[in-house]
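The values are calculated or read from the model by the stated rules, or taken from the named source; none is laboratory data. Keep in mind that this is a model prediction, so the values were computed, not measured. Neighbour counts are summed over all protein chains in view; Cβ atoms, including those assigned to glycine, are modelled from backbone coordinates with ideal geometry.
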Amino acid sequence: MPTPNLLPLLQDLYADQAATVNQAIEQLLARYASQLPPLAPGPLFSEQDVLLITYGGSLRQADTPPLQTLHQFAREHLQGVFSGIHVLPFYPYSSDDGFSVIDYYAVDPALGIGRMFKRWGRTSR
């Protein structure tokens, strides 16, 4: 799977190693292409989109995981206001407000469970 548009960007980042990095990316894409979902036609975002950017634990409600509270709040109060929600690091972390990630494959148990994102994905961007 060739990535011709990527090479100039990689050259800016990796200079002499750009071709090697590009080849590694192409190999990964070829290896996992069958597992990737089909791309939606057209751009994912435009200048018309407005995104809410928030931490996963910004809204809290007794006996409810924060991600579930955020999802419920968005459904009840934000429909039509935002095109999507960008949840800042929700991984388990050691410091730096979530940006010093311990496990990129897990959701911080204090916020909720990963299934919540699958639920969101059915109704949101």
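Would you pick out the residues in the stretch 41-93 that are under 19 Å from the mean Cα position of the chain (by Cα), assigned by TED's automatic domain parsing to the domain that holds Ala110 and among the small types (Gly, Ala, Ser)? Within the stretch 41-93, Gly56, Gly57, Ser58, Ala74, Ser83, Gly84 meet the criteria.
Yes/no per residue for (1) surrounded by 13 or more Cβ atoms within 10 Å (Cβ to Cβ); (2) among the aliphatic types (A, V, I, L, M); (3) not in a loop (DSSP other than H, G, I, E, B):
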{"site": "Arg31", "(1), (2), (3)": "no, no, yes"}
{"site": "Ser34", "(1), (2), (3)": "no, no, yes"}
{"site": "Ala40", "(1), (2), (3)": "no, yes, no"}
{"site": "Leu44", "(1), (2), (3)": "no, yes, no"}
{"site": "Gln48", "(1), (2), (3)": "no, no, no"}
{"site": "Gly56", "(1), (2), (3)": "yes, no, no"}
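Only one of the listed residues (Leu111, Leu88, Leu51, Leu67) is farther than 30 Å from Leu10 by Cα, modelled with pLDDT of 85 or more and touching a Gly at 6+ places or on another chain (Cβ under 7 Å). That residue is Leu67.
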